[in-house]
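Have a look at the structure below, then the notes.
The values are calculated or read from the model by the stated rules, or taken from the named source; none is laboratory data. Predicted, not measured: the structure shown is a model, and the values here were computed from it. Virtual Cβ from ideal backbone geometry, glycine too; neighbours counted across all protein chains shown.
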Amino acid sequence: MKRKGTGPDGLIIVDKPAGITSHTVVARIRRLAGTRKVGHAGTLDPMATGVLVVGSERATRLLGHLALTTKTYEATIRLGQTTVTDDAEGDVTASVPAADVTDEAITAGIAKLTGAIEQVPSSVSAIKVDGKRSYSRVRDGEEVELAARAVTVSRFDLHARRAAVAEDGTAVVDLDVTVDCSSGTYIRALARDLGADLGVGGHLTALRRTRVGAYGIELAHTLEELEESFADRVLPIADAAAAAFPRWDVDAEQARLLTHGIRIDAPGLKVTDPIAVFDPDGRFLALIEERGGKAKSLAVFV
């Protein structure tokens, strides 16, 4: 039974527009849901559009697990210019004509950035350095060097190459790409590193996230659509969990033990992802992980 005055338990898959922050989207959803208990799984920069997974009430406890899933992006990389932010939001710091860069060189450069790689995040990222956001340090005039981190780019496909002329007259090349990657991967850092490898510099000019784990752009709603009709666009928490995680249906006794924090024999699914547990009535009970043959609760939702 819902507590009086609380919002819906579920996920809202938002198609974020360009020009606003993820925090602004969360604020809009808080108002529509009528609750302060709202969060999101994975920030999108103001320039970026697409899938932003927002959770309300109990579904906020799913977000940390959803944030770790693979994400898909459609992006445009401009070769020939370097910017201070590694994307089109920042000032151009260097321009080198890119018209003579060959397709073979681009293919080879993309190959180097595919698979398990070490990536240095953009200095204007939200990563904290001694308790202060890196982008804040850059804005204050500091030079920030972030440590490389292991990420996985499982797909980096080039769809189109277009010649263009930048505002300063530089002959640039625009690349339309699709990227599947692990949590923590910066697409603008891929653009920066591809351009650097090719000797002409590069930055990101467009970014659209089309998938976060199980939730694709086809499930997303614009803010205008959510303003018109909110309640029936909320994905119930049970449906959200069933779509995102392997499912384990337990009997009544197993359900009782699990919800009382007692470890029981694991289902033997042999997966590394969290497992969503459902009782005989189809009620979503918990997220568990298999450890030492036992089911360890990660979060209980009843």
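Among the residues of the stretch 76-96, those that are more than 14 Å from Val172 (Cα to Cα) and either surrounded by fewer than 22 Cβ atoms within 10 Å (Cβ to Cβ) or in contact with a Pro (Cβ under 8 Å, 6 or more places away or on another chain) (or both) comprise Val84, Thr85, Glu89, Gly90, Asp91, Thr93. Taking the stretch 1-50 as the range and being closer than 26 Å to Arg283 by Cβ and of a type in the set (Lys, Arg) as the test, the residues that pass are Lys2, Arg3, Lys4, Arg36, Lys37.
With respect to being surrounded by fewer than 16 Cβ atoms within 10 Å (Cβ to Cβ), β-branched (Val, Ile, Thr) and not assigned by TED's automatic domain parsing to the domain that holds Lys16, Ile187 falls outside the description. One residue alone among Thr49, Thr43, Thr21, Thr35 is more than 16 Å from Thr6 (Cα to Cα) and without any contact (Cβ under 8 Å) to a residue 40 or more places away in the chain, and that residue is Thr21. Within the stretch 30-71, can you find the residues that are part of a loop (DSSP other than H, G, I, E, B) and β-branched (Val, Ile, Thr)? Hits for the stretch 30-71 are Thr35, Thr43, Thr69, Thr70.
If the condition is being part of a loop (DSSP other than H, G, I, E, B) and farther than 14 Å from Gln81 by Cα, then the stretch 164-183 contributes Ser182, Ser183.
Of the residues in the stretch 122-135, not one is at pLDDT 95 or above, within 22 Å of Arg155 (Cβ to Cβ) and within 23 Å of the chain's Cα centre (by Cα). One residue is enough: does the stretch 258-278 have a residue meeting the conditions of a type outside the set (A, V, I, L, M, F, W, C), at pLDDT 95 or above and not assigned by TED's automatic domain parsing to the domain that holds Leu158? No: the stretch 258-278 contains no residue that is of a type outside the set (A, V, I, L, M, F, W, C), at pLDDT 95 or above and not assigned by TED's automatic domain parsing to the domain that holds Leu158.
For the stretch 216-227, the count of residues that are exposed (fewer than 12 other Cβ atoms within 10 Å of the Cβ) and either farther than 30 Å from Ala105 by Cβ or not basic (Lys, Arg) (or both) is at least one. In summary, Pro246 fulfils each of the numbered conditions (1) without any contact (Cβ under 8 Å) to a residue 40 or more places away in the chain; (2) buried (at least 18 other Cβ atoms within 10 Å of the Cβ); (3) under 24 Å from Ile13 (Cβ atoms) with the single exception of condition (2). Of the residues making up the stretch 285-302, those that are exposed (fewer than 15 other Cβ atoms within 10 Å of the Cβ) and in a loop (DSSP other than H, G, I, E, B) are Gly292, Gly293, Val302.
Note on the stretch 184-284: no enclosed strands (runs of 3 or more DSSP E) hold 2 or more residues that are more than 26 Å from the chain's Cα centre (by Cα) and closer than 30 Å to Arg161 by Cα.
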